[in-house]
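Here is the structure we will look at, set down as structure tokens.
The values are calculated or read from the model by the stated rules, or taken from the named source; none is laboratory data. Computed from a prediction, not measured in an experiment: that's the story for all the values here. A quick note on method: Cβ atoms are made from the backbone with ideal geometry, for glycine too, and the neighbour counts reach across all protein chains shown. Side chains included, ligands, DNA and RNA excluded: accessible areas come from the protein's heavy atoms. Shrake-Rupley method; radii C 1.70, N 1.55, O 1.52, S 1.80 Å.
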Amino acid sequence: MTQIYDLQTIHEELRCLGAELTDDEWRTPTAAMGWVVKDQFAHLADTEEVAHDTLTGDERRFPVAVSTHPTAEAFTQAGVDARRDTPKAELMASWERAAARTAAALGTIEPSRSVEWGFGMTAETFARARVMEHWAHGCDVTDALGRPPLSGRYLRAIAELGLLTLPYALLRARVSQGRGQPLHLALSGPDGETWRLGPESGTNRIQGPAEAWCRVVVRRARPVDRSALLVHGPTAEAAMAHARAYL
């Protein structure tokens with residue numbers, strides 16, 4: 001799967017970023033309420049352990065791990081809290097091990113195999129979701145530190161996931177606007193190529209930079225991202241307000 005290469009690539013970028021952070025940067029607050037930079041990596045370390053066990057059927061597979069907490073948010077916070085006192089080097093090493101194991105497990109299964117994550121998804125979609133998760137939290141880190149964003153070589157996987165999950169996002173938001181009306185995306189990739197995603201026959205369209213759309217679907221959009229996108233039609237407007245590529 002191409003998505004495994006994307007996942008390995010973003011793992012390496014985040015590894016390099018984490019390795020060069022100072023102790024002060026490690027303690028810098030991020031946009032996530034109450035989380036500093038260290039907590040972003042703690043969250044990734046925890047969810048990669050769960051991701052691996054979900055793929056292999058081991059002890060901390062997603063349905064079991066989440067069921068021990070009252071809400072998904074409580075599960076997420078517990079994974080961070082458990083690593084509050086973990087030294088930086090140890091935390092980074094644990095995330096790297098878990099990330100490598102997840103990528104390796106994905107390489108051994110068929111793309112069409114069902115994965116018990118959320119409401120269920122194929123392994124191919126799950127690989128996209130892991131890319132999205134790392135990119136979203138990478139945005140939290142680079143935005144907080146005023147550093148350049150991560151590279152855009154895996155943005156297409158995130159852009160496609162954002163479109164694929166739009167029906168779920170609208171249902172979750174309990175809005176009827178845009179439901180059943182296909183959305184077409186015309187996105188400019190980092191290399192200047194135009195990506196056309198979704199049926200081109202409809203009148204609902206979003207056009208602009210791929211990174212801006214990806215920030216919308218991971219709920220990290222800045223005013224500059226929203227202003228860079230041209231939006232036409234009720235589905236497109238609903239997508240800008242409610243798109244959500246994660247659980």
Using alpha-carbon coordinates, inclination of helix 37-56 to the longest axis of the chain, degrees: 80 degrees
Mean accessible surface per residue for the stretch 39-80, computed with a 1.4 Å probe while every protein chain stays in place, in Å²: 38 Å²
Solvent-accessible area of MET121 with every protein chain in place, 1.4 Å probe, in Å² to the nearest 10: 40 Å²
Crossing angle, helix 123-145 versus the chain [Cα axis fit, 0-90 degrees, rounded to tens]: 80 degrees
In the stretch 112-198, GluC sites (Glu not before Pro) in a DSSP loop with at most 14 other beta-carbon atoms within 10 Å: GLU193
Distance histogram for the stretch 179-231 (every C-alpha pair counted, 5 angstrom bins, percent rounded to whole numbers): 5, 22, 28, 25, 16, 5, 0
DSSP bridge pairs, the stretch 139-247: antiparallel proportion in percent, nearest 5: 60 percent
Distant-in-sequence amide H partners of TYR154 (H built 1.01 Å from N, under 5 Å): none
Using θ = phi - 60° and Karplus 6.51 cos²θ - 1.76 cosθ + 1.60, couplings along the stretch 239-247 (whole Hz; Gly, Pro as x): 5, 4, 8, 10, 3, 7, 8, 9, 5
Relative contact order (%) - criterion: Cα under 8 Å, at least six apart; region: the chain: 18 percent
The chain, accessible surface, carbon-and-sulfur percent (1.4 angstrom probe): 53 percent
Heavy-atom accessible area order for ILE206, ILE109, largest first, 1.4 Å probe: ILE109, ILE206
Antiparallel DSSP beta bridges within the chain, as percent of all bridges there, nearest 5: 65 percent
Å² per residue, accessible surface of the stretch 184-238 at 1.4 Å: 47 Å²
Mean separation of Cα contacts under 8 Å (6+ apart) over length of the stretch 177-247, as relative contact order %: 33 percent
The stretch 226-231 - phi-based ³J(HN,Hα) in whole Hz, Karplus 6.51/-1.76/1.60, Gly and Pro as x: 5, 6, 7, 9, 8, 10
Sequence-separation-based contact order of the stretch 154-207, relative, with Cα cut under 8 Å and 6+ spacing, percent: 32 percent
Helix-only [θ]222 nm of the chain, DSSP H runs n ≥ 4, -39500 (n - 2.57) each, per residue, nearest 500: -17500 deg cm²/dmol
Value of D in µm² per second that Stokes-Einstein yields for the stretch 143-247, Kirkwood Rh from Cα pairs, at 25 °C (0.890 mPa s): 179 µm²/s
THR86 paired with ARG113, simple spin-label distance in nm, labels 7 Å along Cα-to-beta-carbon: 2.5 nm
Rounded, prolate or oblate (a/c below 1.5 giving rounded, otherwise prolate when a/b exceeds b/c) for the stretch 1-102 by Cα gyration tensor: oblate
